[in-house]
Amino acid sequence: MDLICPICGSKLNIPGKSCVCPSGHCFDIARQGYVNLLTVQQKHSLHPGDTKEQVNARRAFLDAGFYAPIADTLIETARELHVTGEILDVGCGEGYYSARLASALGLPLTGMDISREAVRCAAGKYKDALWLCATASHIPVADRSCGLVTSLFALTVPEEFRRVLRPDGYFFQVLAAEDHLLGLKSVIYDEILHKHKETVPDLPGFTLVKSVPIRFSFTVTGNQVENLLAMTPHVFRIGKAGAERLRRTESLTDTASCVLNVFRRS
Ligand SMILES: C[S@@+](CC[C@H](N)C(=O)[O-])C[C@H]1O[C@@H](n2cnc3c(N)ncnc32)[C@H](O)[C@@H]1O
Ligand SMILES: [Zn+2]
């Protein structure tokens, strides 16, 4: 992947244990194998993005295979479209989906996330990919360098995604649908508020190729019940009573419901 300096935008070279640009801006490659390209100005808090607890919970849950149908749909769709070139996963988390996708397609992968804990966790397990700590609003990657950009349960920044995509490249976006994890919600909330959710958004500079619904049931028991909660934004919204009800839940059968939107540059 052609990396660019997050300060001045010129090409980064990797001569040894660090990345440097012609103006002398220098970024260390961490012992764990990821590159920190997040500047102080781009950080809006000391530890932006997902916490270590969230990252560990997601790793334990995803590695147990509960969401394998989502990874399978990504792989099947990429194969159908004959995706080529480099993959960039934005908001990659601990790397579960994109590591599987890249390995199934035999394509090079770069994953980036604003959370240092997330990229550290990804780099520790998936050694074949390049992992960057960086923000989606300033992607430190050269224009037109990716064949596929993915954003899975993460944020979408259309202008940046379009800039880094090759003209024939694809953008895969996975969004949770309105009926995602209703079982969990019915345990933790007294009342479920139905808020309309746009699952096929209009993206400036992109044309929708297709939208693939993904819906399946799964059952979690023991610790995985708490892991499921920790992976979701509900972990920050849950009240005392809801937390107590979940703590007493030994087994939960739920339905994952999301959509894979495939876009091309228009
Ligand atoms: C719900 S998690 C999804 C992680 C992963 N894609 C998955 O599905 O397992 C959203 C991720 O986006 C990251 N994130 C939040 N703001 C970001 C930003 N501005 N730039 C890059 N990543 C960001 C978080 O740290 C978190 O890892
Ligand atoms: Zn520079």
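Look at the alpha carbon pairs under 8 Å that are at least 6 residues apart: their mean separation over the length of the stretch 1-152 gives a relative contact order of 29 percent.
As a test of the formula, what do you get for the chain when each DSSP H run with n ≥ 4 contributes -39,500 (n - 2.57) and the sum is divided by the residue count, at 222 nm and rounded to the nearest 500 deg cm²/dmol?
For the chain, the value works out to -8000 deg cm²/dmol.
Along the chain, the exposed loop sites are GluC sites (Glu not before Pro) outside DSSP states H, G, I, E and B with at most 13 other Cβ atoms within 10 Å, and the longest stretch free of them is 1-177. Contact order, relative form, for the chain: 19 percent (alpha carbon pairs under 8 Å, 6 or more residues apart, mean separation divided by residue count). Pick out which of 14, 139, 87 has the largest mean-square fluctuation in a Gaussian network model of the chain, springs linking Cα atoms closer than 10 Å. Looking only at 14, 139, 87, the largest GNM fluctuation is found for 14. Expressed to the nearest 5 percent, the antiparallel share of DSSP beta bridges inside the chain is 60 percent. Close amide H pairs (under 5 Å, H built 1.01 Å from N) link residue 144 with 164, 165, residues at least 5 positions away or on another chain.
With a ≥ b ≥ c taken as the square roots of the eigenvalues of the C-alpha gyration tensor of the stretch 42-146, please select rounded if a/c is under 1.5 and otherwise prolate if a/b is larger than b/c or oblate if it is not?
Note, shape of the stretch 42-146 comes out oblate.
Loop-located trypsin sites (Lys or Arg not before Pro) in the stretch 167-260 (DSSP state not H, G, I, E or B) with no more than 13 neighbouring Cβ atoms inside 10 Å: 195, 197, 237, 248. Taking the chain as a Gaussian network of alpha-carbon nodes connected by springs under 10 Å, the highest mean-square fluctuation of the residues 36, 223, 56 belongs to 223. For the listed residue pairs 43/127; 52/197; 52/127; 43/197, the alpha carbons are over 23 angstrom apart in 43/127; 52/197; 43/197. Ordering 263, 238, 228 by Cα displacement along the dipole of the stretch 190-266 toward the positive end leaves 263 in first place; charges were set at the Cβ atoms of Lys, Arg (+1) and Asp, Glu (-1).
Full extension of the segment from residue 125 to residue 155, taken as 0.36 nm per residue of separation minus the current Cα-Cα distance, would add 8.4 nm. Take every pair of alpha-carbon atoms less than 8 Å apart whose residues are at least six positions apart; their mean separation over the length of the stretch 72-229 yields a relative contact order of 19 percent.
Taking a straight Cα-Cα cut-off under 25 Å and skipping sequence neighbours fewer than 8 places away in the same chain, the lysines within cross-link reach of residue 195 are 185, 210, 240. Taking a ≥ b ≥ c as the square roots of the Cα gyration tensor eigenvalues, the chain comes out prolate, since a/c reaches at least 1.5 and a/b is larger than b/c. If the elastic network links every pair of Cα atoms under 10 Å, which of 45, 217, 98 fluctuates the most in the Gaussian network model of the chain? Maximum among the listed residues: 45. Between helix 116-125 and the chain there is an angle of about 90 degrees, using the helix long axis and the longest principal axis of the Cα atoms.
All of the numbers you see were taken from the coordinates with simple rules; none came from a lab. Only a predicted model underlies this, so the values are computations on that prediction, with no experimental measurement involved. Virtual Cβ from ideal backbone geometry, glycine too; neighbours counted across all protein chains shown.
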